[in-house]
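The values are calculated or read from the model by the stated rules, or taken from the named source; none is laboratory data. All values derive from a computational prediction rather than experimental measurement. So basically every Cβ, Gly included, is an ideal-geometry build from the backbone, and we count neighbours across all protein chains shown.
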Amino acid sequence: MAFRKQKKLQSKVQSKRSISWVWVFVGSIESLDMWLRGVEWARKYDVMLGLSDDKKRQRKEQDERNRQLVRILKNEKVRDIK
């Protein structure tokens, strides 16, 4: 399963420099079904966390990584003291 990024030139009426990207799926129907299920899960996850864009998602994920790191460091500090 793979997605290939291909350039798509837009109409010259909009702008001479206007280029967009189109993602083309390459793979089996089963792979596409699995990928679509993953997209659906990710959207539900975002709604559950109240995330509306990539910046908020990245911030929320970094906050969780930081929280876990602090918890690990606290456990290590307790072991060092004993």
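Does S28 count as of a type in the set (S, T, Y) and modelled with pLDDT of 75 or more?
Yes.
Considering the range 28-44 alone, what residues qualify as being over 26 Å from K56 (Cβ atoms) and assigned to a helix (DSSP H, G or I)? Even if it seems obvious, please write down each step before you answer.
Taking the range 28-44 and keeping what is over 26 Å from K56 (Cβ atoms), we get 28-34.
Answer for the range 28-44, where residues must be over 26 Å from K56 (Cβ atoms) and assigned to a helix (DSSP H, G or I): I29, E30, S31, L32, D33, M34.
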